[in-house]
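J.: First, the structure itself, so that you have it in front of you.
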Amino acid sequence: MNKNKSELFSEDYINKLKNVLDNMDKKSIDEGINLVEEAWKNNSQIITLGNGGSSLTALYFINDWNKSLFLSKKKQFRGRSLIDNIGLVMSYSNDLSFDDVFVEQLKNMLEPNDLVIAISGSGNSENVIRAIEYANQNDAITIGLCGYRGGELKKIAQHSIWADIDDMQISEDVHFIFGHMVMQKLCSN
């Protein structure tokens, strides 16, 4: 029986995603989940950031974790995303530089032991790199979610979760899955 093109495409996509997931460093994923849980239990801020599709993933994490963890556990979740105030993002971009849009926000809010989660498919976005460098220098804990070769983010984040594939959509799928894993682990404890 011959498969039509749409069946082949979806099967190929799913197989690529499965292959990436099968070959990921599961220990790094569990370490990332545990870091979110530890920050939550210690009442530290969990701060997310990213560009493009990764900005929406960063926002989704905070939306999902803030609401669902508080509702299920009745414990405050101090989550925020650096992309959810478009006026502030545009002000820093216009008045300073898009490269500084995240680091300038961190200068105003970051506290020691906060967790900063940066999401970048390429791992090379300058504004993401500057934010992680700043967080590292100011006693925060950093996680980098990246794809492709991991870029600079994989090198400088204290903890990296790397989707080893040159495909933005598959990388973004994996990053989203990490957020759902966090959700299930923290809601189940």
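The values are calculated or read from the model by the stated rules, or taken from the named source; none is laboratory data. Source: prediction; values computed, not measured. Ideal geometry is used to build each Cβ from the backbone, glycine not excepted, and the neighbour counts take in all protein chains shown. Surface areas here come from the heavy atoms of the whole protein model, side chains and all, with no ligands, DNA or RNA. Shrake-Rupley method; radii C 1.70, N 1.55, O 1.52, S 1.80 Å.
J.: Of all residues in the range 65-86, which are open to solvent by less than 40 Å² (accessible area, probe 1.4 Å) and either under 15 Å from G179 (Cβ atoms) or modelled with pLDDT under 95 (or both)?
T.: Selection gives W65, S68, L69, F77, G79, S81, I83.
J.: On to the next question. Of the numbered conditions (1) under 15 Å from the mean Cα position of the chain (by Cα); (2) open to solvent by 90 Å² or more (accessible area, probe 1.4 Å); (3) among the polar types (S, T, N, Q), N42 fails exactly one; give the number of that condition.
T.: Every condition holds for N42 apart from (1).
J.: Only one of I165, I143, I177, I161 is under 18 Å from I14 (Cα atoms) and in contact with a Ser or Thr (Cβ under 8 Å, 6 or more places away or on another chain). Can you tell me which?
T.: I165
J.: Do any residues in the range 84-106 that are without any contact (Cβ under 8 Å) to a residue 24 or more places away in the chain and of a type in the set (A, V, I, L, M, F, W, C) have Cβ atoms under 6 Å from those of residues that are open to solvent by less than 30 Å² (accessible area, probe 1.4 Å) and in a helix (DSSP H, G or I), where the two are at least six apart or on different chains, and which pairs are they?
T.: Cβ pairs passing all conditions: V89/V101.
J.: Kindly indicate which of I29, I62, I14 is within 28 Å of E104 (Cα to Cα), β-branched (V, I, T) and either more than 15 Å from the chain's Cα centre (by Cα) or assigned to a helix (DSSP H, G or I) (or both).
T.: Answer to the check: I62.
J.: Now, a different point. Going residue by residue through the range 111-121, is there one that turns out to be under 17 Å from G151 (Cβ atoms), in contact with a Phe, Trp or Tyr (Cβ under 8 Å, 6 or more places away or on another chain), among the hydroxyl-bearing types (S, T, Y) and in contact (Cβ under 8 Å) with a residue 24 or more places away in the chain?
T.: Within the range 111-121 (the criterion being under 17 Å from G151 (Cβ atoms), in contact with a Phe, Trp or Tyr (Cβ under 8 Å, 6 or more places away or on another chain), among the hydroxyl-bearing types (S, T, Y) and in contact (Cβ under 8 Å) with a residue 24 or more places away in the chain), the answer is no, since none of the residues qualifies.
Per-residue answers, yes or no, for (1) of a type outside the set (D, E); (2) under 20 Å from N42 (Cβ atoms); (3) more than 12 Å from the chain's Cα centre (by Cα):
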| residue | (1), (2), (3) |
| --- | --- |
| S72 | yes, yes, yes |
| Y92 | yes, no, yes |
| E104 | no, no, yes |
| L110 | yes, yes, yes |
| Q137 | yes, no, yes |
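J.: Then there is this: Take the residues in the range 158-177 that are hydrophobic (A, V, I, L, M, F, W, C) and touching a strand residue (DSSP E or B) at 6+ places or on another chain (Cβ under 6 Å), then tell me which one is least open to solvent (accessible area, probe 1.4 Å).
T.: Among residues in the range 158-177 that are hydrophobic (A, V, I, L, M, F, W, C) and touching a strand residue (DSSP E or B) at 6+ places or on another chain (Cβ under 6 Å), the one least open to solvent (accessible area, probe 1.4 Å) is I161.
J.: Take S171 and tell me if it is closer than 30 Å to F9 by Cβ, of a type in the set (S, T, Y) and in contact with a helix residue (DSSP H, G or I) (Cβ under 6 Å, 6 or more places away or on another chain).
T.: no
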